[in-house]
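J.: First, the structure itself, so that you have it in front of you.
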Amino acid sequence: PCNLTGWWKNDLGSKMQVFEVGKDGTFSGEYHTAVSSTQKPIQPSPLTGSQHLDEDGQCTFGFTVNWKKFSDSTAVFVGQCFNGDDGREVLHTSWLLREKVDSEPDDWKATR
């Protein structure tokens, strides 16, 4: 079965560390992004999430990253863990990023 605990790396060079998945599927960790639109130095950011514990091991999961250390934005990720033919675990995810905007009329450009 897929085990989210440990280090993960994506195609852009960002890394995520999941500290431990609890028996109820909850987890926490840190996200080390390799990309940012802010001018401030990038710093590791806390993440919290939940994993659906499934018998076949190819679980779905979701987590939130708060970029509070260097940005006024928050991101959510959802995905599924797959056991590849080569025995490696692979995560496939989608994400939404919400940036802070100065006014309600600017709301249209706040989510990517």
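The values are calculated or read from the model by the stated rules, or taken from the named source; none is laboratory data. In this text the structure is predicted, and so the values were computed from the model without any measurement. Ideal geometry is used to build each Cβ from the backbone, glycine not excepted, and the neighbour counts take in all protein chains shown. Accessible surface areas use protein heavy atoms only, side chains included; no ligands, DNA or RNA. Shrake-Rupley method; radii C 1.70, N 1.55, O 1.52, S 1.80 Å.
J.: Pick out, in residue order, every one of the trypsin sites (Lys or Arg not before Pro) in the range 49-93 that is DSSP loop and has at most 11 other C-beta atoms within 10 Å; say none if there are none.
T.: Counting only loop positions with at most 11 other Cβ atoms within 10 Å, the trypsin sites (Lys or Arg not before Pro) in the range 49-93 are Arg88.
J.: Taking only protein heavy atoms into account and a 1.4 Å probe, give the accessible area per residue of the chain in Å². Can you show the working numbers first?
T.: On the way: 7490 Å² over 112 residues.
It amounts to 67 Å² per residue over the chain.
J.: Moving on to the next point. May I have the extent of the alpha carbons of the range 42-112 along their three principal axes, as whole Å values ordered from largest to smallest?
T.: 48, 25, 20
J.: Additional query: Taking the alpha-carbon distance from Lys23 and a cut-off under 17 Å, which aspartates and glutamates remain once sequence neighbours fewer than 8 residues away in the same chain are dropped?
T.: Asp54, Glu55, Asp56
J.: Thinking of the range 1-63 as a set of Cα atoms, what percent of all their pairs are more than 13 Å apart?
T.: Above the 13 Å cut-off, the range 1-63 has 65 percent of its Cα pairs.
J.: Heavy atoms only, probe 1.4 Å: what % of the accessible area of the chain goes to carbon and sulfur, would you let me know?
T.: Answer for the chain is 49 percent, counting heavy atoms of protein chains only.
J.: Take each of the peptides 47-54, 80-87, 31-38, average the number of other beta-carbon atoms within 10 Å over its residues, and list them starting from the highest.
T.: Listed from highest to lowest mean packing, they are 47-54, 31-38, 80-87.
J.: Read phi for every residue in the range 94-111 and hand back ³J(HN,Hα) as whole Hz from Karplus 6.51 cos²θ - 1.76 cosθ + 1.60, θ = phi - 60°, with x for Gly and Pro.
T.: Rounded to whole hertz, the list is 10, 9, 10, 10, 10, 9, 6, 10, 7, 8, 4, x, 8, 4, 4, 9, 8, 10.
J.: May I ask which residue of Val76, Asn3, Ser14 lies farthest towards the positive end of the charge dipole of the chain, with charges of +1 (Lys, Arg) and -1 (Asp, Glu) on Cβ and the Cα centre as origin?
T.: Projecting each Cα onto the dipole axis, the largest value belongs to Ser14.
J.: Further, regarding this structure: Please give every one of the aspartates and glutamates within straight-line cross-link reach of Lys40, meaning a C-alpha to C-alpha distance under 14 Å, and leave out same-chain neighbours fewer than 8 residues apart.
T.: Answer for Lys40, where 14 Å is the Cα cut-off: Asp72, listed by chain and number.
J.: What is the local net charge at Tyr31, summed over the other residues whose Cβ is closer than 13 Å to its Cβ (Lys, Arg +1; Asp, Glu -1)?
T.: So the environment of Tyr31 carries a net charge of +3.
J.: Same structure again: Could you tell me which Cys residues in the chain have no other cysteine's Cβ under 4.7 Å from their own Cβ, answering none if every one has a partner?
T.: So far as the 4.7 Å Cβ criterion goes, Cys59 stand without a partner in the chain.
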